[in-house]
Amino acid sequence: NLDGPALTYGDGRPIVPGYASKRFKKFVRLAKVPERIKFHSLRHTCASWLTMKGVSPAIIQQVLGHADISTTMMYSHLAPDVMKRAMESAFAPEL
C-alpha cells in the first residue's frame with residue numbers, strides 16, 4: 001500500500017526515521033559496508049533505478065513522497081535513452 005508508511009513495527013505503527021537510520025547503521029557495520037552508505041542512500045538508489053527503467057517522474061514523485069516534482073527531476077539525467085525512445089515511439093511513422 002503506497003498510502004501507508006514504508007516501514008512499520010509489527011503492530012503497524014510507523015517506524016520513527018531516526019530509529020530506522022540507527023538500525024541501518026548497525027547492519028552496515030555488521031556487513032562491513034562502507035559507512036558512507038546511509039539509510040537515505042536507499043531512497044536515492046530507488047529513484048535512480050526507477051528512472052533508468054523508464055518509470056514516469058510523476059510516479060517516482062508519488063513513490064518517494066516528493067512534494068515538488070523538481071526534486072524528482074534531479075534523477076532525469078540518468079535516463080537519456082528513455083526520453084529518446086519515448087520521442088521515437090510518439091513520432092515514428094506507423095506501419
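The values are calculated or read from the model by the stated rules, or taken from the named source; none is laboratory data. Keep in mind the model is a prediction, meaning the values are calculated, not measured. Cβ: placed from backbone, ideal geometry, glycine included. Neighbour counts: every protein chain shown. Just the protein is used for accessible areas: all its heavy atoms, side chains included, with ligands, DNA and RNA removed. Shrake-Rupley method; radii C 1.70, N 1.55, O 1.52, S 1.80 Å.
Converting phi to 3J(HN,Hα) with the Karplus coefficients 6.51, -1.76 and 1.60 and the offset θ = phi - 60°, the stretch 36-48 yields 6, 6, 10, 4, 4, 4, 5, 5, 4, 4, 4, 4, 5 Hz in sequence order, with x at every glycine or proline.
What does the accessible area per residue of the stretch 1-41 come to in Å², with a 1.4 Å probe and no ligands, DNA or RNA counted?
Values: 3600 Å² over 41 residues.
Here the residues of the stretch 1-41 average 88 Å² of exposed surface.
How large, in percent, is the carbon and sulfur part of the accessible surface of the chain at a probe radius of 1.4 Å? Kindly include the intermediate steps, with their values, before the conclusion.
On the way: 4840 of 7750 Å².
That fraction is 62 percent.
Computed from the alpha carbon positions, the gyration tensor of the chain leads to an equivalent ellipsoid with semi-axes of 34, 17, 11 Å, biggest first. Only lysine pairs 8 or more places apart, or on different chains, with alpha-carbon atoms under 15 angstrom apart are counted in the chain, and they number 4. The phi torsions of the stretch 85-91, fed into the Karplus equation with coefficients 6.51, -1.76 and 1.60 and a -60° offset, translate into couplings of 5, 5, 5, 4, 5, 5, 10 Hz, rounded to whole numbers, with Gly and Pro shown as x.
Residues in the stretch 55-61 carry Karplus couplings, in order, of 5, 4, x, 5, 6, 4, 4 Hz; the curve used is 6.51 cos²θ - 1.76 cosθ + 1.60 with θ = phi - 60°, and Gly or Pro positions show x.
Taking only protein heavy atoms into account and a 1.4 Å probe, give the accessible area per residue of the stretch 49-90 in Å².
Roughly 73 Å² per residue, with all protein chains present.
Of the residues THR8, CYS46, GLN62, the one whose Cα sits farthest towards the positive end of the charge dipole of the chain is THR8 (charges of +1 on Lys and Arg Cβ, -1 on Asp and Glu Cβ, taken about the Cα centre).
Run the dipole for the chain about the Cα centre, Lys and Arg Cβ at +1, Asp and Glu Cβ at -1, nothing else charged, and hand back the magnitude in debye, nearest 20.
Details: 13 positive and 7 negative charges, 174 e Å.
Dipole of the chain, to the nearest 20 debye: 840 debye.
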